[in-house]
Amino acid sequence: MNVWNSWRRHLAGLAVASIAAVASVGAIRAQSQADEGWNPRAAAAYLDARAEWWTTWPNAARDRGTYCMSCHTTLPYALARPALHSRLSETVPSSAEAKIVSNLLTRARAWRDVEPWYPDQTRGIPKTSESRAIESVMNAVVLSRRDAVAGALSADTRTALDVMWTLQMKTGPEAGAWTWLNFGMDPWESPRSPYFGASMAALAIGSAPDHYAESPEVADRVTALRGYFQRQHGVVSLVNQLHGLWAASRVPNLLTDEQRRATMDHVFALQQADGGWSTVALGGYTRIDNSENDSRTDAYATALATLGLQAAGVSVADGRLRRGLDWLRRNQDHASGHWTAVSPNKQRDPESDPGKFMSDAATAYAVLSLTFRP
């Protein structure tokens with residue numbers, strides 16, 4: 001009987017210990033969420049609302065009931081929103097995600113027949129070739145990153161990659177890259193933007209599953225892309241170079257060690273006293289309306305800098321990187337879910353939809369940075 005009583009006390013002790021352990025794990029998880037310091041659900045709500053708005057905006061409407069993708073709202077949304085699925089225990093894409101991919105596939109599958117986003121006939125030469133190139137890269141990167149989650153390269157993605165490769169430049173200063181839309185709008189639609197486009201293309205091929213980037217049939221094209229990066233990396237803005245660091249984390253030898261180190265050193269040298277970065281400082285931009293540009297820390301630059309630095313292998317134990325990530329955690333607008341950034345091109349009404357474009361990008365890049373995994 002004494003043995004039995006002793007055994008019962010032992011089992012009871014184990015039960016108490018198990019309950020304590022579960023409680024401890026729960027406390028750790030709760031503390032971890034509190035330490036996160038930002039609100040993923042609010043960020044998702046903001047991004048979803050802005051993406052849904054874009055699908056109905058008359059200015060975005062295009063041929064056959066489709067709409068164009070944008071470098072500031074729908075492209076970063078499509079890249080960032082899947083990173084929130086696990087955080088929010090989502091098992092299916094959001095409605096806005098599904099709409100964007102469906103729209104993209106509609107246009108990609110009708111590639112030969114659908115009109116370009118900006119035809120030469122209405123927007124002037126060479127807007128057709130610019131439109132085709134930028135759309136091909138966007139199609140490839142969104143679909144490749146979708147397939148990376150699924151773990152297999154789909155027929156649609158392989159076709160999108162094939163189309164993208166047919167538009168790769170073979171001569172001139174952009175050889176190895178793609179021509180890009182130029183509306184004189186930094187950082188994504190200006191004469192300085194082809195490097196950004198090449199970075200998106202590199203992310204596409206580096207994200208594609210089934211060792212696509214190493215496949216013999218694209219070896220020459222990947223070699224040409226590497227050549228472009230190694231020629232251009234040191235002469236483009238730090239905004240562009242940070243995209244290059246991100247892309248280089250997916251495509252081996254895209255950049256040399258010296259190029260990566262020089263970019264990291266230069267970016268850290270421009271870190272501001274509050275831990276963040278300024279888009280104007282990283283990009284060297286001046287406004288076309290001659291209004292005074294805002295050189296204070298902003299969320300787009302800080303998100304991009306911390307994303308690029310993490311992609312380049314900087315540890316979160318590095319105090320400089322940690323200060324940048326802490327700035328992001330402190331500066332989300334918890335009521336709306338967004339992070340704020342302003343146009344480097346002109347003074348805009350922050351309450352207008354175009355006035356929110358930079359904040360759309362900043363919010364998506366903040367999510368990419370705060371959820372980054374090598």
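The values are calculated or read from the model by the stated rules, or taken from the named source; none is laboratory data. None of the values given here were measured: they were computed from a predicted structure. Every residue, glycine among them, receives a Cβ derived from its backbone with ideal geometry; neighbour counts consider all protein chains shown. Calculation scope for accessible area: heavy atoms of the full protein, side chains included, ligands and nucleic acids excluded. Shrake-Rupley method; radii C 1.70, N 1.55, O 1.52, S 1.80 Å.
Per residue, the accessible area of segment 321-371 comes to 39 Å², computed with a 1.4 Å probe over protein heavy atoms only.
For segment 145-212, applying the loop criterion from DSSP together with a ceiling of 12 other beta carbons within 10 Å to the trypsin sites (Lys or Arg not before Pro) yields K170. Label point 7 Å out from T91 along Cα-to-Cβ: which residues of segment 151-189 have amide N under 20 Å? Counting only backbone N, you get 151. Counting only protein heavy atoms and a probe of 1.4 Å, the accessible surface of segment 158-292 is 51% carbon and sulfur. Sparsely packed loop sites in segment 64-125 (the trypsin sites (Lys or Arg not before Pro) outside DSSP H, G, I, E and B with at most 13 other Cβ atoms within 10 Å) comprise R112. Here is the list for segment 110-215: chymotrypsin sites (Phe, Trp or Tyr not before Pro) lying in DSSP coil, each with at most 16 other C-beta atoms within 10 angstrom of its C-beta, are W111, F183. Between the alpha-carbon centres of segment 202-227 and segment 138-160 there is a gap of 13 Å. Extension gain for K170-S352 works out to 61.4 nm (0.36 nm per residue, less the C-alpha to C-alpha distance).
Residues whose amide H lies under 5 Å from that of M185, counting only those 5 or more places away or on a different chain, are S190; hydrogens are built 1.01 Å from N in the peptide plane. If the cut-off is a Cα-Cα distance under 17 Å, which lysines reach K99, setting aside same-chain residues fewer than 8 apart in sequence? Result set, ordered by chain and number: empty.
Here the relative contact order of the chain, from alpha carbon pairs under 8 Å that lie six or more residues apart, stands at 17 percent.
Net charge in the neighbourhood of A160 (other residues with Cβ under 14 Å of its Cβ; Lys, Arg +1, Asp, Glu -1) is +3.
Straight-line reach from K346: taking Cα to Cα under 28 Å and skipping same-chain neighbours fewer than 8 places apart, the lysines in range are K127, K356. What the phi angles of segment 150-156 give under the Karplus curve with 6.51, -1.76 and 1.60, with θ = phi - 60°, is a coupling list of 6, x, 8, 7, 7, 5, 4 Hz, glycine and proline written as x.
Using a probe radius of 1.4 Å on heavy atoms only, what accessible surface per residue do you get for segment 56-209? Whole Å² is fine. Normalised by residue count, the accessible surface of segment 56-209 is 40 Å². In this label model, R320 and V235 are separated by 2.6 nm, measuring between points 7 Å along each Cα→Cβ vector.
Adding -39500 (n - 2.57) for every DSSP H run of four residues or longer, then dividing by how many residues the chain holds, sets the calculated 222 nm ellipticity at -18000 deg cm²/dmol. Split the chain at each of the GluC sites (Glu not before Pro) in a DSSP loop with at most 11 other beta carbon atoms within 10 Å, and the longest piece is 1-291.
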